[in-house]
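Heads up, the thing below is written out as structure tokens.
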Amino acid sequence: MPDYSDRFHDVFVHETSYIDDEVEIGAGTKIWHFSHILGNCQIGENCSMGQNVVIGPNVSVGNNVKIQNNVSVYDGVTLEDGVFCGPSCVFTNVHNPRALIERKDEYQETLVKRGATLGANCTIVCGTIIGKFAFIGAGAVETNDVRPYALMVGVPAQQIGWISEHGNRVPLPLTGVGKYRCPDTSSMYYLRGNQLECN
């Protein structure tokens, strides 16, 4: 079994997992059973990679990211700080894959911004930007960019509301003008048109 203690400080790697060369991993991160981190990946501090997770190559993962079991984070995906990837959520890297046609030069980048949640078994189609603290519901298929704090469900995903940084529904309409104080954090949310902002 490989020993990574000389490469990474204060990082837990389960004995069944494997880490390629040219990988950076921050302190406090845990990588659990049967996972593989491919080359040229940067993983931040205090992250958790569940069982059977594959990351890379060429992937950037921020601090405090949680990736649950059976998730593959492909080439071109960036996960900012505090992103949650639910079990078996899916990233794509081309729009029209074929086994008989090589399309590695057509990979499109995907950006998941700070604090966003990707529910179990959802699919994030490549080339999209998931706004900060957005919430993609379980099983949804996201084909377009998502606004910050948007709550998305369905196939294809549609916005059905707003969600707070604490993970609670914000009782404001999809468009218009309004404000709401989160009872858990006392943060104020302001709706202006079709954009929600938090002070």
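Considering only region 125-198, give the strands (runs of 3 or more DSSP E) lying wholly within it that have at least 2 residues that are over 23 Å from GLN108 (Cα atoms) and basic (Lys, Arg).
Values: elements: 150-153, 158-163, 176-181, 188-193, 195-198.
Ranges flagged: 176-181.
If the Cβ limit is 6 Å and pairs must be 6+ apart or interchain, which residue in region 104-116 that is modelled with pLDDT of 95 or more pairs with which residue that is among the β-branched types (Val, Ile, Thr) and part of a loop (DSSP other than H, G, I, E, B)?
Between residues of region 104-116 that are modelled with pLDDT of 95 or more and residues that are among the β-branched types (Val, Ile, Thr) and part of a loop (DSSP other than H, G, I, E, B), the close pairs are THR110/THR128; VAL112/VAL83; ALA116/VAL83.
Being more than 19 Å from THR92 (Cα to Cα) and not in a loop (DSSP other than H, G, I, E, B) is the filter here, so list the residues in region 33-48 that pass it.
GLN42, ILE43, SER48
Looking at (1) more than 21 Å from VAL77 (Cβ to Cβ); (2) touching a residue at least 24 places away in the same chain (Cβ under 8 Å); (3) of a type in the set (Val, Ile, Thr), which is the only condition ILE124 fails?
Only one criterion in (1) more than 21 Å from VAL77 (Cβ to Cβ); (2) touching a residue at least 24 places away in the same chain (Cβ under 8 Å); (3) of a type in the set (Val, Ile, Thr) is unmet by ILE124, namely (1).
Please go through (1) touching a residue at least 24 places away in the same chain (Cβ under 8 Å); (2) in contact with a Phe, Trp or Tyr (Cβ under 6 Å, 6 or more places away or on another chain); (3) closer than 25 Å to TYR4 by Cα for THR78 and return the number of the only condition it doesn't satisfy.
Against the list (1) touching a residue at least 24 places away in the same chain (Cβ under 8 Å); (2) in contact with a Phe, Trp or Tyr (Cβ under 6 Å, 6 or more places away or on another chain); (3) closer than 25 Å to TYR4 by Cα, THR78 comes up short only on (2).
Out of all the residues in region 148-161, which are touching a residue at least 24 places away in the same chain (Cβ under 8 Å) and either exposed (fewer than 14 other Cβ atoms within 10 Å of the Cβ) or over 19 Å from ALA120 (Cα atoms) (or both)?
Scanning region 148-161 gives a single hit, PRO148.
The values are calculated or read from the model by the stated rules, or taken from the named source; none is laboratory data. Keep in mind it's a predicted model, so treat the numbers as computed, not measured. Please note: Cβ atoms are built from the backbone with ideal geometry, for glycine as well, and neighbour counts cover all protein chains shown.
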